[in-house]
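K.L.:
First, the structure itself, so that you have it in front of you.
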């Protein structure tokens, strides 16, 4: 039987994650300026609950970014293990599916304009972002060596293509947007497989992206 204190800790952890998930969903649609009060209302918790976990809106934004980077970091670790296993194709497909479901792709278009904003990306988060990007590059290069992904596409290109594909068309019914999303992401998965026509221009790699983000 769990103790009262343990139950309270579990409830607090659930409330915290609910706030993070709600804030991420709102930010993805409305941008990072969503008031804390709106997040609390949408999450179904009191404003005091939000402030107990996140002292202000800036800390909440940072926590959302950290939460998603940590989640994707776990997906990448599992992918590295799976790509070394008996069924690397299944591991790659599982990673792509997990990444698309992670909430990070739909959030990226909102985050990119704030890539050099210290109020969003603290020094610690910049370091985590770089580690995550490098880990993603390693996974993609492994998938390319195994013949699972065409070798003329870079990791940032894959990420940003899927991020662009995640947004539906305003005015269409939800079920139509969901069906179109499945087809768009399926089309991109197919386009990543080896054997297509050569792509125009230069490949963009993780190193190129990190250098761009480091510019003042």
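The values are calculated or read from the model by the stated rules, or taken from the named source; none is laboratory data. All of these numbers come straight from a predicted model, not from anything done at the bench. No Cβ is skipped: glycine too gets one built from the backbone with ideal geometry, and neighbour counts run over all protein chains shown.
K.L.:
Considering (1) at pLDDT below 95; (2) more than 13 Å from the chain's Cα centre (by Cα), say which one residue 163 fails and leave the rest.
P.N.:
It fails just one condition, (2).
K.L.:
In the range 183-193, what count of residues is obtained for those that are within 22 Å of residue 72 (Cα to Cα) and surrounded by 12 or more Cβ atoms within 10 Å (Cβ to Cβ)?
P.N.:
5
One line per residue, one yes/no per condition, for (1) outside any helix (DSSP H, G or I); (2) more than 21 Å from the chain's Cα centre (by Cα); (3) within 19 Å of residue 144 (Cα to Cα):
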| position | (1), (2), (3) |
| --- | --- |
| 18 | no, no, no |
| 23 | no, no, no |
| 29 | no, no, no |
| 34 | yes, no, no |
| 50 | no, yes, no |
| 65 | no, no, no |
| 77 | no, no, yes |
| 80 | no, no, yes |
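K.L.:
Can I ask one more? When you check residue 120 against the structure, is it part of a loop (DSSP other than H, G, I, E, B), touching a helix residue (DSSP H, G or I) at 6+ places or on another chain (Cβ under 9 Å) and under 30 Å from residue 58 (Cα atoms), yes or no? Even if it seems obvious, please write down each step before you answer.
P.N.:
Details: part of a loop (DSSP other than H, G, I, E, B): yes; touching a helix residue (DSSP H, G or I) at 6+ places or on another chain (Cβ under 9 Å): yes; under 30 Å from residue 58 (Cα atoms): yes.
Considered against the rule, which asks whether it is part of a loop (DSSP other than H, G, I, E, B), touching a helix residue (DSSP H, G or I) at 6+ places or on another chain (Cβ under 9 Å) and under 30 Å from residue 58 (Cα atoms), residue 120 comes out as yes.
K.L.:
Further question on the same structure: Hey, can you tell me all the residues within the range 82-100 that are part of a helix (DSSP H, G or I) and over 19 Å from residue 188 (Cβ atoms)?
P.N.:
82, 83, 88
K.L.:
Would you mind stating whether residue 72 is surrounded by 13 or more Cβ atoms within 10 Å (Cβ to Cβ), modelled with pLDDT of 95 or more and outside the structural domain of residue 190 (by TED's automatic domain parsing)?
P.N.:
No, not satisfied.
K.L.:
Which residues, taken from the range 121-139, are farther than 14 Å from residue 72 by Cα and crowded, with 18+ Cβ neighbours inside 10 Å? Reasoning before the result, please.
P.N.:
Going residue by residue through the range 121-139, those that are farther than 14 Å from residue 72 by Cα are 121-124, 126-127.
121 - this is the single residue of the range 121-139 that is farther than 14 Å from residue 72 by Cα and crowded, with 18+ Cβ neighbours inside 10 Å.
K.L.:
Further, regarding this structure: Take the range 36-48 and flag every residue that is part of a helix (DSSP H, G or I) and either assigned by TED's automatic domain parsing to the domain that holds residue 128 or in contact with a helix residue (DSSP H, G or I) (Cβ under 8 Å, 6 or more places away or on another chain) (or both).
P.N.:
Start the filter on the range 36-48 by keeping residues that are part of a helix (DSSP H, G or I), which leaves 36-43, 47-48.
Result: 36, 37, 38, 39, 40, 42, 43, 47.
K.L.:
Same structure again: Determine which member of the set 69, 108, 60, 125 is part of a helix (DSSP H, G or I), touching a residue at least 12 places away in the same chain (Cβ under 8 Å) and closer than 22 Å to residue 181 by Cα. Reasoning before the result, please.
P.N.:
Details: 69 fails: closer than 22 Å to residue 181 by Cα; 60 fails: closer than 22 Å to residue 181 by Cα; 125 fails: closer than 22 Å to residue 181 by Cα.
Among 69, 108, 60, 125, only 108 is part of a helix (DSSP H, G or I), touching a residue at least 12 places away in the same chain (Cβ under 8 Å) and closer than 22 Å to residue 181 by Cα.
K.L.:
When the range 140-182 is examined, which residues are found to be farther than 24 Å from residue 78 by Cβ and part of a helix (DSSP H, G or I)? Walk me through how you get there before you give the answer.
P.N.:
Filtering the range 140-182 for residues farther than 24 Å from residue 78 by Cβ gives 152, 164, 167-180.
If the condition is that a residue be farther than 24 Å from residue 78 by Cβ and part of a helix (DSSP H, G or I), then 164, 174, 175, 176, 177, 178, 179, 180 are the ones that fit.
K.L.:
Let me ask something else about it. As an exercise: evaluate residue 94 against (1) more than 30 Å from residue 34 (Cα to Cα); (2) out of contact with any helix residue (DSSP H, G or I) (no Cβ under 9 Å at 6 or more places or on another chain); (3) free of Cβ contacts under 8 Å to residues at least 40 places away in the same chain; (4) surrounded by fewer than 17 Cβ atoms within 10 Å (Cβ to Cβ) and give the number of the one condition it does not meet.
P.N.:
(2)
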